[in-house]
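The values are calculated or read from the model by the stated rules, or taken from the named source; none is laboratory data. It should be emphasised that the depicted structure is a prediction, and the values quoted were computed from it without experimental measurement. Here the Cβ positions follow ideal geometry from the backbone for every residue, glycine too, while neighbour counts run over all protein chains shown.
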Amino acid sequence: MSDLYAGGEPLAEVVRNEIVESRHHGSVVVLGADGEVAAWAGDVLGAVFPRSSAKPLQAVGMLRAGLDVEGPDLALVAASHRGQAVHVTAVQALLDRTGLTVDDLRCPPDFPLSEDARDAVVRAGHGRERVFMNCSGKHAGMLRTARANGWPLETYLDPAHPLQEHLTATVAELAGEPIRATGVDGCGAPVLAFSLRGLAGSFLRLVHAPEGTQERAVADAMRRYPVLVSGDDAGDDDTRLMRAVPGLLLKGGAEGVAAAAVPGVGAVALKIDDGGMRARFPVLASAFARLGVNLPGRVPVLGGGREVGVVRSVW
């Protein structure tokens, strides 16, 4: 197994007025329901940072360490939320019930990802806040887990903290392979490098887990409350697709990463090399088509406010 990600192959192209304007390279792996590789392109064994696509795995680790949340709160712990009012209120409540406050969060202050929510914050005269940051739900879960175990709160993001050591072990177990590097994610938490093959396999484990397990609890919470996992802005793929496709578990990550699984069908993980987010959906749709699943939607290219082309998969 190679150590570092070596880069991918042509996966998608941007077409404007029937001319190919840009191309995206990357890697993608498709697993069947049995967990065996059904199709792939690029380097699916080299180590990548899955970014926020690893949040469901970290949520499982928090539950194993004693985090006492379920349903919508659990979906929020695995979220990359848009900073809408429903998300901010839920994060604050998650902290309040444990005697914590937003000041205990160690994610960086930010504006909401949602344009409407950001505009509302600015109109109200507010600036960047930690609770608006898209990873604040995960951080609230980490704080509650640390509090439940009597672990230090101030250093909960340190890779050597008991919480992070526990989460690293859980992610490695679910991925079925060792963690090959540890970095710092955009939110300040450790980000763990492993392969796209391992990422797809971990999502398949979550959706195939028996009821009553922590793995199944995370998968069910995310699928039942997709708006809390992301948001309800137009074009929000995680929410839109989990609403549209029965059983689908989907979690995107920064820098062109996505992972998804459908029970009894299979799983997909992908990485767009240039970090371009627009190429993720066409490639994801092409991958699931190989499993007999239709993902509704497309990525239009606009000119003067009207559609003049499309971003399409070439794989």
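Filter the range 41-59 down to the residues that are closer than 14 Å to ALA259 by Cβ and among the hydrophobic types (A, V, I, L, M, F, W, C), then identify the one that is surrounded by the most Cβ atoms within 10 Å (Cβ to Cβ). Applying the filter and picking the extreme gives ALA59. Would the range 202-212 turn up any residue that is of a type in the set (Gly, Ala, Ser), surrounded by fewer than 18 Cβ atoms within 10 Å (Cβ to Cβ) and under 19 Å from ALA6 (Cβ atoms)? Within the range 202-212, none of the residues are of a type in the set (Gly, Ala, Ser), surrounded by fewer than 18 Cβ atoms within 10 Å (Cβ to Cβ) and under 19 Å from ALA6 (Cβ atoms). The residues in the range 8-26 that are among the polar types (S, T, N, Q) and either within 15 Å of ARG278 (Cα to Cα) or without any contact (Cβ under 8 Å) to a residue 12 or more places away in the chain (or both) can be counted, and the count is 1. Meeting the requirement of 2 or more residues that are within 20 Å of THR98 (Cβ to Cβ) and touching a residue at least 24 places away in the same chain (Cβ under 8 Å), the helices (runs of 4 or more DSSP H) wholly within the range 111-187 are 136-149, 162-175. The number of residues in the range 208-234 that are of a type in the set (Gly, Ala, Ser) and under 16 Å from the mean Cα position of the chain (by Cα) comes to 4. Checking each residue in the range 191-220 for being among the aromatic types (Phe, Trp, Tyr) and not in a helix (DSSP H, G or I) picks out only PHE194.
Of all residues assigned to the range 27-45, at least one qualifies as being aliphatic (A, V, I, L, M), at pLDDT 95 or above, closer than 12 Å to TYR5 by Cα and not in a strand (DSSP E or B). Collect the residues in the range 239-260 that are buried (at least 24 other Cβ atoms within 10 Å of the Cβ) and among the charged types (D, E, K, R), keeping them in residue-number order. Correct list: LYS251 only.
For the range 215-225, which positions are buried (at least 19 other Cβ atoms within 10 Å of the Cβ) and touching a residue at least 12 places away in the same chain (Cβ under 8 Å)?
Matches in the range 215-225: GLU215, ALA217, VAL218, ALA219, ALA221, MET222, ARG223, TYR225.
Residue check: GLY276 meets all listed conditions (1) buried (at least 21 other Cβ atoms within 10 Å of the Cβ); (2) touching a His at 6+ places or on another chain (Cβ under 7 Å) but one, namely (1). Please determine whether any residue of the range 76-90 is over 29 Å from GLU307 (Cβ atoms), surrounded by fewer than 22 Cβ atoms within 10 Å (Cβ to Cβ) and touching a Gly at 6+ places or on another chain (Cβ under 6 Å). No. Being at pLDDT 95 or above, in a loop (DSSP other than H, G, I, E, B) and over 24 Å from the mean Cα position of the chain (by Cα) is the filter here; which residues of the range 1-26 pass it? Those that are at pLDDT 95 or above, in a loop (DSSP other than H, G, I, E, B) and over 24 Å from the mean Cα position of the chain (by Cα): ASN17, GLU18.
When GLY125 is tested against (1) out of contact with any Lys or Arg (no Cβ under 6 Å at 6 or more places or on another chain); (2) under 29 Å from ALA169 (Cβ atoms); (3) among the small types (Gly, Ala, Ser), just one condition goes unmet, and that condition is (2). Counting the residues of the range 46-73 that are under 18 Å from LEU250 (Cα atoms), of a type in the set (A, V, I, L, M, F, W, C) and part of a loop (DSSP other than H, G, I, E, B) gives 1.
Applying a threshold of 8 Å to beta carbon distances and a minimum spacing of six or more residues, or different chains, the list of pairs starting in the range 63-74 at a residue that is among the basic types (Lys, Arg) and ending at one that is crowded, with 16+ Cβ neighbours inside 10 Å reads ARG64/HIS166; ARG64/THR170; ARG64/GLN214. The residues on offer are LEU113, LEU174, and the sole one that is out of contact with any Leu (no Cβ under 7 Å at 6 or more places or on another chain), under 30 Å from ARG197 (Cβ atoms) and not β-branched (Val, Ile, Thr) is LEU113. Against the numbered list (1) part of a loop (DSSP other than H, G, I, E, B); (2) among the small types (Gly, Ala, Ser); (3) in contact with a Pro (Cβ under 8 Å, 6 or more places away or on another chain); (4) within 27 Å of LEU196 (Cα to Cα), SER80 comes up short only at (3).
Among the criteria (1) touching a Cys at 6+ places or on another chain (Cβ under 7 Å); (2) under 19 Å from GLU173 (Cβ atoms), the one SER80 does not fulfil is (2).
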